[in-house]
Amino acid sequence: MSKINQLHDQAMDLAEKAFLAQQKGDKIGFVRLSKEAFLLEKAAAMLLKDKPEIEPSRSILFKSAAFLAYDAQEYLQRSISVGKSCRDVAQRQARNRTKSFDFV
């Protein structure tokens, strides 16, 4: 998971720089840095896309990407990331409910 951690760490560094740009009133810098952070966080999340055994980390990365997409004004991408995160949580909850009835 070192590649995932590396991408996530880079995304968080850029997100922090975006926050600082926003605090200085640099809207263009804020959006640009947020978009760079979003792309890195999305890349990290996509590496876990088909790995449900990595929950809840996978859903957390998708949610993080969704927040960064919002800051980057990537509204469609935000909807997609939130959808993946919610779907994954719902599937995990359904599996857990099914497992609880297996012993009956």
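Within the set Lys3/Lys27; Lys3/Lys63; Lys3/Lys42, which residue pairs have Cα atoms separated by over 24 Å?
From Lys3/Lys27; Lys3/Lys63; Lys3/Lys42, over 24 Å: Lys3/Lys27.
Roughly how many nanometres apart are two label points built 7 Å out from the Cα toward the Cβ at Glu16 and Ile60?
Rounded to a tenth, the inter-label distance reads 1.7 nm.
With r as the distance between the Cβ atoms of Ser2 and Gln73 and R0 = 30 Å, compute the FRET efficiency 1/(1 + (r/R0)^6) and round to 0.05.
0.45
Values in this text are rule-based calculations from the coordinates and carry no lab data. Predicted, not measured: the structure shown is a model, and the values here were computed from it. All Cβ positions, even for glycine, are placed from backbone atoms using ideal geometry, and neighbour counts span all protein chains on display.
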